[in-house]
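Accompanying notes for the structure given below.
The values are calculated or read from the model by the stated rules, or taken from the named source; none is laboratory data. Here the structure is a predicted model, which means the values were calculated and not measured. A quick note on method: Cβ atoms are made from the backbone with ideal geometry, for glycine too, and the neighbour counts reach across all protein chains shown.
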Amino acid sequence: MPAQTTPPLLARAFAPASVGNIGVGFDLLGHSIDGPRDIAAVRRIETREVRIAAIGGDVPGADRLPLQAERNTAGQALISLREALGLEHGFELSLQKGIALGSGLGGSAASCVAALVAANALLETPLSREALYGFALDGESVSSGSRHGDNVAPMLLGGVVMATHERMIALPAPDWLHVVVVHPDQELETRRAREVLSEPYPLPLVVRQSAHLALFLTGLQRGDAAMLREGLIDLLVEPRRAPLIPGFAAAKAAALDHDALGASISGAGPSTFAWFASRSAAEAAAPAMRAAFVDAGFDARAYVSPVAGPRAEVLSTSGEAA
């Protein structure tokens, strides 16, 4: 991106929701979806600090999110950016939450990615998406307690991404691949969902999971639906987290009954996702997957999206302070 001689003073950016893990790639794989999103407005200020002016949106519980920058995923991401670059100015941030809290759709990640993309537009020399990655990991760690990029990476790059501690690797996703993501009116904290994974796994099970991951990645590379179906089976995380999500088993069964290539838990849950070989198949399955959660006593929303979803983008910039 070329250097800007007169950077704007205010920028607004969005970051999309995401499916973390994609079942077989715990803390490693993720993809963005065209559905709910968070929006951040960042203003350059003279004081060398990061402050959060407001957090809004129609998401229940948004008013519980901390306004102290160092305790907020978006705030900490901007603190890391400002300190690493030695900036002579600061940032004031406002957030509009569109991704439900504790939904398994990457809400905490979306806030910090949207804030970083907006703040990046205010720099004299904006950074590459790859250079923003470490700051996004810093922000995400505030919420999850660990640095994992399976949500922030696909938000930064779009589509399906492999995220290691050091890099983001975009993976091919055929345009016929579509996903249904169903979010029930449940909230499952990431820290609690990670607690059930603390007991060690037997080596033979890990080996079998590795085989599924290899098949899945090869299926993506080749655009091979049959191979994706063989690979999209989670033996490690899903069995331990499924009991935390009432209605999940029925939603997964509904997806498979509608010829899903595979289905599992989105991120830490409770949202559930399923991949399909066409948009028409995904749209046909979505009502049945939603009904499974409704039958379990929870209202739910279903989203249908290409697996190669959008990346975070700047919505607008202004030369005048807000």
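So for region 87-98 (the condition being among the polar types (S, T, N, Q) and assigned to a loop (DSSP other than H, G, I, E, B)), does at least one residue qualify?
Within region 87-98, not a single residue is among the polar types (S, T, N, Q) and assigned to a loop (DSSP other than H, G, I, E, B).
Out of the residues in region 51-104 meeting the condition of being of a type in the set (Val, Ile, Thr) and within 14 Å of ASP38 (Cα to Cα), tell me which one is modelled with the lowest pLDDT.
VAL59
Which residues, taken from region 217-231, are touching a helix residue (DSSP H, G or I) at 6+ places or on another chain (Cβ under 6 Å) and surrounded by 19 or more Cβ atoms within 10 Å (Cβ to Cβ)?
Once the filter is applied, which keeps residues that are touching a helix residue (DSSP H, G or I) at 6+ places or on another chain (Cβ under 6 Å) and surrounded by 19 or more Cβ atoms within 10 Å (Cβ to Cβ), region 217-231 yields GLY219, MET227, LEU228, GLY231.
Residues are listed down the side, and each one gets a yes or a no for (1) over 14 Å from ALA114 (Cα atoms); (2) without any contact (Cβ under 8 Å) to a residue 60 or more places away in the chain; (3) among the small types (Gly, Ala, Ser):
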{"site": "VAL42", "(1), (2), (3)": "no, no, no"}
{"site": "THR47", "(1), (2), (3)": "yes, yes, no"}
{"site": "ASP63", "(1), (2), (3)": "yes, yes, no"}
{"site": "LEU67", "(1), (2), (3)": "yes, yes, no"}
{"site": "THR73", "(1), (2), (3)": "no, no, no"}
{"site": "GLN76", "(1), (2), (3)": "no, no, no"}
{"site": "ALA84", "(1), (2), (3)": "yes, yes, yes"}
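Among the listed residues GLY247, GLY262, which satisfies the condition of being in the same structural domain as HIS183 (by TED's automatic domain parsing) and touching a Leu at 6+ places or on another chain (Cβ under 6 Å)?
Testing whether each residue is in the same structural domain as HIS183 (by TED's automatic domain parsing) and touching a Leu at 6+ places or on another chain (Cβ under 6 Å) leaves just GLY262.
Of the residues ALA119, ALA136, ALA153, only one is touching a residue at least 60 places away in the same chain (Cβ under 8 Å), assigned to a helix (DSSP H, G or I), closer than 22 Å to GLY86 by Cα and in contact with a helix residue (DSSP H, G or I) (Cβ under 8 Å, 6 or more places away or on another chain); which?
Residue meeting the stated conditions: ALA119.
Can you tell me which residue among GLU70, GLU92, GLU88 is in the same structural domain as GLU124 (by TED's automatic domain parsing), among the acidic types (Asp, Glu) and in contact with a Lys or Arg (Cβ under 6 Å, 6 or more places away or on another chain)?
Of GLU70, GLU92, GLU88, the one residue that is in the same structural domain as GLU124 (by TED's automatic domain parsing), among the acidic types (Asp, Glu) and in contact with a Lys or Arg (Cβ under 6 Å, 6 or more places away or on another chain) is GLU92.
Which count do you get for residues in region 182-195 that are of a type in the set (A, V, I, L, M) and either more than 16 Å from GLY20 (Cβ to Cβ) or not in a loop (DSSP other than H, G, I, E, B) (or both)?
Step one: list which residues in region 182-195 are of a type in the set (A, V, I, L, M), which gives 182, 188, 193.
From what is left, the residues that are either more than 16 Å from GLY20 (Cβ to Cβ) or not in a loop (DSSP other than H, G, I, E, B) (or both) are 182, 193.
Within region 182-195, residues that are of a type in the set (A, V, I, L, M) and either more than 16 Å from GLY20 (Cβ to Cβ) or not in a loop (DSSP other than H, G, I, E, B) (or both) number 2.
Mind checking which residues of region 120-135 are among the hydroxyl-bearing types (Ser, Thr, Tyr) and surrounded by fewer than 20 Cβ atoms within 10 Å (Cβ to Cβ)?
Matches in region 120-135: THR125, SER128.
Just to be sure before I move on: is GLY223 small (Gly, Ala, Ser) and more than 24 Å from ALA284 (Cβ to Cβ) in the structure I sent? So that I can check it myself, show each step before the final result.
On the way: small (Gly, Ala, Ser): yes; more than 24 Å from ALA284 (Cβ to Cβ): no.
Answer is no for this residue.
Considering only residues of region 166-181 that are among the hydrophobic types (A, V, I, L, M, F, W, C) and not in a loop (DSSP other than H, G, I, E, B), which is surrounded by the fewest Cβ atoms within 10 Å (Cβ to Cβ)?
Filtering region 166-181 for residues that are among the hydrophobic types (A, V, I, L, M, F, W, C) and not in a loop (DSSP other than H, G, I, E, B), the one surrounded by the fewest Cβ atoms within 10 Å (Cβ to Cβ) comes out as ILE169.
From the set of residues in region 200-216 that are in contact (Cβ under 8 Å) with a residue 24 or more places away in the chain and either touching a strand residue (DSSP E or B) at 6+ places or on another chain (Cβ under 7 Å) or exposed (fewer than 15 other Cβ atoms within 10 Å of the Cβ) (or both), which is farthest from HIS178 (Cα to Cα)?
Here the residue is TYR201.
From the list ALA77, ALA114, ALA109, pick out the single residue that is farther than 16 Å from ARG147 by Cβ and buried (at least 24 other Cβ atoms within 10 Å of the Cβ).
Just one listed residue meets the conditions, ALA114.
Does SER278 meet the test of being small (Gly, Ala, Ser), buried (at least 24 other Cβ atoms within 10 Å of the Cβ), in contact with a strand residue (DSSP E or B) (Cβ under 7 Å, 6 or more places away or on another chain) and in the same structural domain as PRO204 (by TED's automatic domain parsing)?
So SER278 fails the test.
Check VAL180, VAL196 and return the single one that is under 23 Å from SER305 (Cβ atoms) and touching a helix residue (DSSP H, G or I) at 6+ places or on another chain (Cβ under 7 Å).
VAL180
Of the residues that sit in region 143-165 and are surrounded by 20 or more Cβ atoms within 10 Å (Cβ to Cβ) and out of contact with any strand residue (DSSP E or B) (no Cβ under 9 Å at 6 or more places or on another chain), which one is nearest to ALA118 (Cα to Cα)?
Checked region 143-165; the qualifying residue nearest to ALA118 (Cα to Cα) is SER143.
How do the helices (runs of 4 or more DSSP H) wholly within region 220-322 filter down when requiring 2 or more residues that are at pLDDT 95 or above, over 14 Å from LEU177 (Cβ atoms) and small (Gly, Ala, Ser): which remain?
On the way: elements: 225-231, 238-241, 248-257, 279-295.
By residue number, 248-257, 279-295.
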